[in-house]
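**Q** Pasting in a structure now, in structure tokens, and then I'll have a few things to ask.
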């Protein structure tokens, strides 16, 4: 289910390293050059020639989406908790499906530090926190995702601003095989229902994938003091989501791709300013054309549009429009060296209204130009080295750069691998934060700071993974992240102001991982990840919305053909609230079973929160008794029909 960042050499998962910095170039005859191909962009690599997964020196986890769905995990927020170093505070203050979620990777919390990417586009908002991570986590499901990878640490900052903590990279799957169709239905507690229709296939040079999903839930809103929201509809959630991908390959050297995605969701918040309805509508259109020009040279042009219209509470309306373009080129100098280089452009515009009035301030608009390059050197077999550099110029924050150096060495008959990386990243202030005017939102007044500087980070990690027996591996990764000039939102008298904090915030810790399968013993398998983290602000407090210990465990077995059952555990302790105060620890158990009757019909059942544990993931302002508890024990079941 999980392929770790330093998997053994026998791993067959392709990974592509990123933006390559030109370095020492060795001459070679054309006959010595391996065939070059620009593989799809992935978190672990950013679009260069395909290399074996274990050759990348960065910390990246590739999640197995089909396996996750067999375990009854169908939403993004829960899926990414299987990656080491990831802590998710689900559902915001009400801890429910459909409400915004917070994520911390290696102790770097909030939407400002984790960048989501979908079909090659940065899901970026040049206002507020800059990244759309909370909304993406709250509403994205796995039915229309074929790639899901989590890059941990500032190594992902080669994507640009907002990736100090890491990157979540997602792609719509490519259609494959004979034309087929599947229908998924699931009913469960809290009036929940999820339905999905997927159709895909390949016909000669054209392949297609289409998915449509509807989900709804009334959730389980209960407060610490035993009361329920006055509004009987509070907590109600609905989401419609569609995805389409078309791929065209007229010959072996040419590939064109087009994707379209749409989402329309509604969540009725239990406590809001006036009208509690949250509405979120998005449209994403992306395209890519790749051409292998010669035996050693390939080029790719990609880009797209991302739009979001959303409303949080009465009278607060937002309109986001993003356009992105990228051109990248790959050249293989010889069998041991390759370079990727290119440029990018992004235009982001965000406007908002409060009670029908357009909010004042400088323009909430940004143009960003980027140059990126990476060089990869393999001096000897099984030793991979990369150096990457990105330079950004924006009309909001002037110019900044990011870099990353990584190395990976396999030895001991390739059963052991040592990896290390070092990186610099940044989080730029948004046009909203640097505006000269005032901004009213949710009943509060915000005043911008034109002198606000970018927050910068330095990050390093070193990891060791060993295959101690066939199909069983163990790994340990030590990490360190330090950020300077943290952007704080401070309450001053009767309004909020933005300022750079003095000193540095630091997070350091260890990630441990175990995974394996006994194929001859009922195909029994297990995965375990544990993260021990020490995230502290420059004032000596724990960084807000983080956890010092995070566990994720799954054990499954298949005692008879077609039947799989397992139990999972997720736990967190040493948790902090939005104001850095302590929060409840938690340990949540789940059980699931999946039975494939034949190639056309399968059944599944799962029980969430088996022990009915109660905990608070975010406290209410001023009155702890009004804080919402997590959902109680819930039962879900359904079937999948394929034809």
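**Q** Run the numbers on the chain and let me know its relative contact order in percent, using alpha-carbon pairs under 8 Å that are six or more apart.
**A** Numbers: 2047 pairs, mean separation 89.8, N = 643.
Relative contact order comes out at 14 percent.
**Q** Right, another one. Based on C-alpha coordinates, I'd like the Rg and Dmax of segment 452-502, in Å.
**A** According to the Cα coordinates of segment 452-502, Rg and Dmax are 20.2, 63 Å.
**Q** Using Cα-Cα distances under 8 Å and only pairs 6 or more residues apart, what relative contact order does segment 477-582 have, in percent?
**A** Working: 231 pairs, mean separation 21.4, N = 106.
Across segment 477-582, relative contact order equals 20 percent.
**Q** Could I ask something else about it? Divide the volume of the convex hull of the Cα atoms of segment 418-556 by its number of residues and quote the answer in cubic angstrom per residue. Could you put the intermediate results ahead of the total?
**A** On the way: hull volume 20.4 nm³, N = 139.
Taking only Cα atoms, segment 418-556 has a hull volume of 147 Å³ per residue.
**Q** Based on the alpha-carbon set only, what is the convex hull volume of segment 291-338 divided per residue, in Å³?
**A** Details: hull volume 4.0 nm³, N = 48.
So the per-residue hull volume is 83 Å³.
**Q** Something else about it: To two decimal places, what compactness ratio does the chain give when its Cα radius of gyration is scaled by 2.2 N^0.38 Å? All intermediate terms of the calculation are to be shown ahead of the outcome.
**A** On the way: Rg = 23.8 Å, N = 643, 2.2 N^0.38 = 25.7 Å.
Cα Rg divided by the expected 2.2 N^0.38 Å: 0.93.
**Q** In whole Å, how far is the Cα centre of segment 492-541 from that of segment 239-262?
**A** When both Cα centres are located, 35 Å separates them.
**Q** Provide 479, 498, 643 in ascending order of the number of other Cβ atoms located within 10 Å of each residue's Cβ, fewest first.
**A** On the way: 479 26, 498 20, 643 9.
Going from least to most buried by this count: 643, 498, 479.
**Q** What FRET efficiency comes out for residue 258 versus residue 334 if R0 is 35 angstrom and r is the Cβ-Cβ distance? Round to the nearest 0.05. Show your work: numbers first, answer last.
**A** Working: r = 35 Å, r/R0 = 1.00.
Plugging the Cβ-Cβ distance into 1/(1 + (r/R0)^6) gives 0.50.
**Q** Rounded, prolate or oblate: pick one for segment 152-193, where a ≥ b ≥ c are the square roots of the eigenvalues of its C-alpha gyration tensor, a/c under 1.5 means rounded, and failing that, prolate if a/b is larger than b/c, else oblate.
**A** Details: a/c = 5.46, a/b = 1.62, b/c = 3.38.
Note, shape of segment 152-193 comes out oblate.
**Q** With no solvent and one point per C-alpha, what does the Debye sum give as log10 I(q)/I(0) for segment 489-643 at q = 0.10, 0.11, 0.16, 0.21 Å⁻¹?
**A** -0.57, -0.66, -1.02, -1.32
**Q** Next question. P(r) tail for segment 531-618, what percent of Cα pairs lie past 15 Å?
**A** On the way: 2571 of 3828 pairs.
Tail fraction, whole percent: 67.
**Q** Can you list, largest first and rounded to whole Å, the semi-axes you get for segment 103-197 by taking the square root of 5 times each eigenvalue of its Cα gyration tensor?
**A** Working: eigenvalues 167, 63, 25 Å².
Value: 29, 18, 11 Å, ordered largest first.
**Q** With 10 angstrom as the radius, rank 254, 378, 386 by how many other C-beta atoms surround their C-beta, starting from the fewest.
**A** Values: 254 13, 378 18, 386 30.
Fewest-to-most ranking of 254, 378, 386: 254, 378, 386.
**Q** Same structure, new question: Between residue 643 and residue 480, what is 0.36 nm times their sequence separation minus the Cα-Cα distance? Round to one decimal in nm. Mind dumping the intermediate values first?
**A** Working: separation 163, 0.36 × 163 = 58.68 nm, distance 4.96 nm.
Stretched fully, the residue 643-residue 480 segment lengthens by 53.7 nm.
**Q** With viscosity set to 1.306 mPa s and temperature to 10 °C, compute the Stokes-Einstein D of segment 423-483, Rh being the Kirkwood radius across alpha carbon pairs; µm²/s, no decimals. Display every interim value, and only then the final one.
**A** Details: Rh = 15.5 Å.
For these conditions, the coefficient is 102 µm²/s.
**Q** So what's Rg/Rh here for segment 181-224, counting alpha carbon atoms and using the Kirkwood radius for Rh?
**A** Values: Rg = 16.4 Å, Rh = 12.8 Å.
Across segment 181-224, the Cα-based Rg/Rh ratio is 1.29.
**Q** What number does segment 203-244 give for Rg over Rh if you use C-alpha atoms and the Kirkwood radius? Numbers along the way, then the final one.
**A** Values: Rg = 19.0 Å, Rh = 13.7 Å.
Answer for segment 203-244: 1.39.
**Q** Can you sort 580, 459 from fewest to most other Cβ atoms within 10 Å of each residue's own Cβ?
**A** Working: 580 17, 459 28.
Result, fewest neighbours first: 580, 459.
**Q** Using only the Cα atoms, what convex hull volume per residue in Å³ does segment 230-304 have?
**A** On the way: hull volume 8.0 nm³, N = 75.
Roughly 106 Å³ of hull volume per residue.
Coordinate-derived values only; no laboratory data. This structure is a prediction, so every number in the text was calculated from the model and none was measured. Reconstructed Cβ throughout: ideal geometry from the backbone, glycine too, with neighbour counts over all protein chains shown.
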